[in-house]
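Encoded as structure tokens, the structure appears first; notes follow it.
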């Protein structure tokens, strides 16, 4: 238990370090690949978030779904890559080879729909290479390119995200 507390503290420092190291990314859209990070608390939002893939016409093969639960229980909703604190070392680096490969490869659009204080989900987000990162909480604004404060409403989150991406696309075409 104490060891996990130490790892979480190190993870918070690693997040700050990764945010400081982030280079400005350019995203001109449209998104051709999508990554979704969800935690067990927000599992019911998975189907709604996956529908964003269909709205953006992203093929199923270009969707990455990551599910965070403390004990690595599988999502009952959909097949996903499960991860937890044990997939990171004491310094906050990824030690799970699959996770490392996928985060390094990156996606065009990364959505993190996790709890405000879910350090492990935010650590994975910080490690991820993405054209644009979208989250929900102003507290974590430095980690994201776009923050949509929609509380627990995944439907509203999806609607607002699609509006933003449409405006971004329209702005790039002008």
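Read-outs: derived from the displayed coordinates by stated rules, not from any lab. Small disclaimer: the values here were computed from a predicted structure and weren't measured. Note that we place each Cβ from the backbone using ideal geometry, even for glycine, and neighbour counts take in every protein chain shown.
Observations on the model:
- Label reach from residue 6 (point 7 Å along Cα→C-beta): in segment 116-160, amide nitrogens under 20 Å belong to 119-120.
- Inter-probe distance in nm under a simple model that places probes 7 Å from Cα toward Cβ, at residue 73 and residue 13: 3.3
- Between helix 2-21 and the chain: long-axis angle, C-alpha atoms, 0 to 90°, nearest 10: 40
- For the chain, calculated [θ]222 nm from helices alone, where every DSSP H run of n ≥ 4 adds -39500 (n - 2.57): -12500 deg cm²/dmol
- Share, in percent, of DSSP beta bridges within the chain that are antiparallel, nearest 5: 5
- Working from label points 7 Å from Cα in the Cα-to-Cβ sense, the residue 104 to residue 150 distance is 3.3 nm.
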